[in-house]
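Some notes on the structure that comes next.
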Amino acid sequence: MALHRGSRKHGERHISVNPFFGDADPVSGMTEAPPTHRMPQQPLAPATAYQVVHDELMLDGNARLNLATFVTTWMEPQAGVLMAECLDKNMIDKDEYPRTAELERRCVAILADLWNAPDPSAVVGCSTTGSSEACMLAGLTLKRRWSQRNADRYPGARPNLVMGVNVQVCWDKFCDFWEVEPRLVPMEGDRFHLDPRAAAELCDENTIGVVGVLGSTFDGSYEPIAGLCAELDALKERTGLDIPVHVDGASGAMVAPFLDEDLVWDFRLPRVASINTSGHKYGLVYPGVGWALWRDADALPEELVFRVNYLGGDMPTFALNFSRPGAQVAAQYYTFLRLGREGYQAVQRSTRNVATYLAEKIEALGDFRLLTRGDQLPVFAFTTADHVTAYDVFDVSRRLREYGWLVPAYTFPPDREDLSVLRVVCRNGFSHDLADLFLADLERALTGLRRQQGPTGDREAATGFHH
């Protein structure tokens, strides 16, 4: 969550209330303009309060036109009704809401089967508020298992975590919050994610694990998880170091099982100890729900599991927070039940088809060079062609925003800071028709951009990088 500051009194504003908001007495609805940054003295009628908030939220962007976010922006009306019915159910209170807990258990079982666990009944898993929390839990597990194996040296030794420089920011947070040294494999040339051999070379006796990303947020590419495990297997043979792998499948773990069935990245690889995914990304559920699964009980130390009984029963929990609504878990099970394997396959294939189609059309314009083509995650990144000097990717992002499209422009991390790109995330609900509308607006934007004398250099006004 973003951090915010309270307001200074001299900058305080008041909300203007339209007289039509007062149902029975229009004038009474205007008797007091409520302040924006402190609680009003008097209550408002529910219809008035609703309309005031509703009107301000109209200034937000249209979520369906947000090509920056990976998060689901459309679900069926029935899913919305089901979520509304579950908003008052506290997920942590499994004794009071046993059926909600059962749906969570079923979702874990479904994912264990989907990710080819050798023994699905041995898998341990939980729902989270999203992949960020799931990654934190997976990182904590890796650190605790390492500290147990190295009890004679820890806490004197400093643990480290090996990962590509392209990992999502939650991994930087994990390392900072839990005092783990991040060891980052830099980008090089046209390789925009982790290199397995370079990752293995960074490992030592203090390495708690290696993170492999199935679907990089920078360009939509899969990291070679099987190749990473093979390098770590060879490392064990040479040195005796037995380094586990966590797969950050925030997006790809809900794409690859349906579209890339022959790709080996999951629990079929013995070195993969845990996997996370975002139910609210390509799991096709509104925010916020994520999932974390461990291969077996040995991969999740029992001491990390809290057992509470003051809510009415003995409940094992593993989470960074406590109370949260059961709505998203119910919606995840609804979506699993609603679509099944064939339905998920159809949805993800359609989304990938839109991504590859749009990438080809953008390449055909002649102004851009594709870095990826949307044939792994339904995501692709592109930059301006070498001959384009009148504008840059930040100008394109800013101009597209004038048409309502949010397309992030950003610079790559070390060692490719020289490369600035645009990225398009295709999700369920972004159809071929919308892709054609986007393409038409991009062509209109290029008409003016090509007449510029050079890039404006105004990067702040462009849409920034969003995971």
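Residue check: ILE225 meets all listed conditions (1) open to solvent by 30 Å² or more (accessible area, probe 1.4 Å); (2) closer than 27 Å to ALA355 by Cα but one, namely (1). Looking at SER121, SER131, just one residue is hydroxyl-bearing (Ser, Thr, Tyr), closer than 19 Å to MET254 by Cβ and at pLDDT below 95, and that residue is SER131. Inspect all residues belonging to segment 321-337 and state whether any of them is modelled with pLDDT of 95 or more and surrounded by fewer than 15 Cβ atoms within 10 Å (Cβ to Cβ). Yes, because at least one residue in segment 321-337 is modelled with pLDDT of 95 or more and surrounded by fewer than 15 Cβ atoms within 10 Å (Cβ to Cβ).
Within segment 378-408, the residues that satisfy the criterion of being assigned to a loop (DSSP other than H, G, I, E, B), over 22 Å from the mean Cα position of the chain (by Cα) and not aliphatic (A, V, I, L, M) are ASP386, HIS387, THR389, TYR391, ASP392, GLU402, TYR403, GLY404.
If you filter segment 411-456 down to residues that are free of Cβ contacts under 8 Å to residues at least 60 places away in the same chain and assigned to a loop (DSSP other than H, G, I, E, B), you find that the one that is least open to solvent (accessible area, probe 1.4 Å) is LEU419. Within segment 188-219, the set of residues being hydroxyl-bearing (Ser, Thr, Tyr) and either in a strand (DSSP E or B) or open to solvent by 30 Å² or more (accessible area, probe 1.4 Å) (or both) comprises THR207 only. Would you confirm whether or not segment 327-336 contains a residue that is in a strand (DSSP E or B) and either in contact (Cβ under 8 Å) with a residue 60 or more places away in the chain or of a type outside the set (D, E, K, R) (or both)? Looking for residues that are in a strand (DSSP E or B) and either in contact (Cβ under 8 Å) with a residue 60 or more places away in the chain or of a type outside the set (D, E, K, R) (or both), one finds none in segment 327-336, hence no.
Residues in segment 377-410 that are over 17 Å from ASP441 (Cβ atoms), open to solvent by 20 Å² or more (accessible area, probe 1.4 Å) and in contact with a helix residue (DSSP H, G or I) (Cβ under 7 Å, 6 or more places away or on another chain): 1 in all.
Scanning segment 320-360 for residues that are touching a helix residue (DSSP H, G or I) at 6+ places or on another chain (Cβ under 8 Å) and among the β-branched types (Val, Ile, Thr), we see that the one that is nearest to GLU104 (Cα to Cα) is VAL329.
Listed conditions (1) within 21 Å of the chain's Cα centre (by Cα); (2) exposed (fewer than 13 other Cβ atoms within 10 Å of the Cβ) are all met by LEU59, apart from (1).
In the set (1) touching a Cys at 6+ places or on another chain (Cβ under 7 Å); (2) hydrophobic (A, V, I, L, M, F, W, C); (3) closer than 24 Å to THR383 by Cα, LEU235 fails one condition alone, (3).
In segment 17-28, the count of residues that are loosely packed, with under 14 Cβ neighbours inside 10 Å, at pLDDT below 85, in contact with a strand residue (DSSP E or B) (Cβ under 9 Å, 6 or more places away or on another chain) and more than 30 Å from PHE336 (Cβ to Cβ) is zero.
Of all residues in segment 168-195, those that are without any contact (Cβ under 8 Å) to a residue 60 or more places away in the chain and over 22 Å from ALA230 (Cβ atoms) have Cβ atoms under 9 Å from Cβ atoms of residues that are among the β-branched types (Val, Ile, Thr) and crowded, with 16+ Cβ neighbours inside 10 Å, 6 or more apart or on another chain, in PHE174/VAL180; VAL180/ILE208; PRO182/VAL162; PRO182/VAL167. Being at positive phi and either in contact with a His (Cβ under 8 Å, 6 or more places away or on another chain) or surrounded by 21 or more Cβ atoms within 10 Å (Cβ to Cβ) (or both) is a property that GLY374 has. Contact annotation: residue pairs with Cβ atoms under 6 Å, 6 or more positions apart or on different chains, pairing a residue in segment 286-300 that is closer than 16 Å to ARG324 by Cα and touching a residue at least 24 places away in the same chain (Cβ under 8 Å) with a partner that is assigned to a loop (DSSP other than H, G, I, E, B) and open to solvent by 40 Å² or more (accessible area, probe 1.4 Å), are GLY288/THR129. ARG341 versus (1) in contact with a Phe, Trp or Tyr (Cβ under 9 Å, 6 or more places away or on another chain); (2) open to solvent by less than 40 Å² (accessible area, probe 1.4 Å): which is the lone unmet condition? Here ARG341 meets the rest and fails (2).
For segment 285-310, a residue qualifies if it is at pLDDT below 85 and either surrounded by 13 or more Cβ atoms within 10 Å (Cβ to Cβ) or within 21 Å of the chain's Cα centre (by Cα) (or both), and the qualifying residues are VAL305, VAL308.
Would you confirm whether or not segment 35-53 contains a residue that is of a type in the set (Gly, Ala, Ser), open to solvent by 40 Å² or more (accessible area, probe 1.4 Å) and in contact (Cβ under 8 Å) with a residue 24 or more places away in the chain? Checking segment 35-53: at least one residue is of a type in the set (Gly, Ala, Ser), open to solvent by 40 Å² or more (accessible area, probe 1.4 Å) and in contact (Cβ under 8 Å) with a residue 24 or more places away in the chain.
The values are calculated or read from the model by the stated rules, or taken from the named source; none is laboratory data. Given the structure is predicted, the values throughout are model-derived calculations rather than measurements. Quick reminder, even Gly has a Cβ in these numbers, built from the backbone with ideal geometry, and neighbours come from all protein chains shown. For the accessible areas, the whole protein counts, side chains as well, though only heavy atoms, and no ligand, DNA or RNA atoms are used. Shrake-Rupley method; radii C 1.70, N 1.55, O 1.52, S 1.80 Å.
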